[in-house]
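In what follows, a single structure is set out as structure tokens and then discussed.
Nothing in this text is a laboratory measurement; each read-out follows from the coordinates by a stated rule. It should be emphasised that the depicted structure is a prediction, and the values quoted were computed from it without experimental measurement. A quick note on method: Cβ atoms are made from the backbone with ideal geometry, for glycine too, and the neighbour counts reach across all protein chains shown.
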Amino acid sequence: MINNNDIKKSFNKKKNFWEIDKIKEGFKKFFNENNRYPTATEIDECSYLPASRTLQRRFNGVVGLRQALKLDITDFTKGKVRSEKAKNVNKRAYTLEKNIYDFLNKKFGVEFVHREYFFSDDHRTRTDFFVYHKHGQFSVDVFYPSNKHNFIGCLNSKMRTYRSDVMMQYPVIFLQMNENLKREDIDKVLINKKNKLRSDQQVMCYEEFKNFCSKKTSNTVI
């Protein structure tokens, strides 16, 4: 059985060096836990693997390390691996958005929930859902960050999108759907961000979003 402390002891501080056998053990451990090998971002976040900078110096990056370890897949950004990943992402996105759409329809009524709502005719200023309730409106932008690092990138991208005047007319919910992301980690990211959310912008997890919606009064169809 691989011990995290034993792996860390193989790190020679004077030479800033990890033995290849210990790195291989770390990769095997990650594979056993996740049924796949780690990406570059996950390597940096993994306590029993060296920093990606170390891999860059020794192996010319993560791809070079995978080649040195003689893994079947050396580059996760190309070919069949990338294609399968895109297919899985699209399938997950469709399922998540359908579930949210069904939830919103049940709460507010199909007449008051707009899916793929365009704020203008340029077909770029769009939001996933636009909802009317008795006392106003709000928009919902759904995303599934794979980890905290990815969450930061996704949120920054969405905040840039929602900077235009036409997109800032209504409150917006950035709805992150990864249940493994803890609220305290999200709050730390938001606190440390230089570019803060506006007062009418919120990041929510799904349970928080459902609670938010439960406090809104639906319109009545005449």
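Amide H contacts of Asp200: none lie under 5 Å away among residues 5 or more positions distant or on a separate chain (H built 1.01 Å from N in the peptide plane; Pro and chain starts excluded). Derived scalar couplings between HN and Hα for region 42-59 equal 5, 4, 5, 8, 8, 5, 10, 10, x, 5, 4, 5, 4, 5, 5, 5, 8, 10 Hz in order, rounded to whole Hz, by the Karplus curve 6.51 cos²θ - 1.76 cosθ + 1.60 (θ = phi - 60°), x for Gly and Pro. Each of Val110, Val221 was scored by other Cβ atoms within 10 Å of its Cβ. Arranged with the fewest first, they read Val221, Val110.
I'd like the distance separating the alpha-carbon centroids of region 124-174 and region 42-70, in whole Å. Region 124-174 and region 42-70 have Cα centres separated by 35 Å. Shape call for region 81-214 from the C-alpha gyration tensor, a ≥ b ≥ c root eigenvalues: rounded (a/c under 1.5), prolate (a/b greater than b/c) or oblate? It is rounded, given that a/c, with a ≥ b ≥ c, falls under 1.5. Please work out the FRET efficiency for the pair Asp102 and Lys70, using the Cβ-Cβ distance as r and a Förster radius of 35 Å; give the result to the nearest 0.05. Efficiency computed from Cβ-Cβ geometry: 0.15. Ranked by how many other Cβ atoms sit within 10 Å of their own Cβ, fewest first, the residues Glu179, Glu25 fall in the order Glu179, Glu25.
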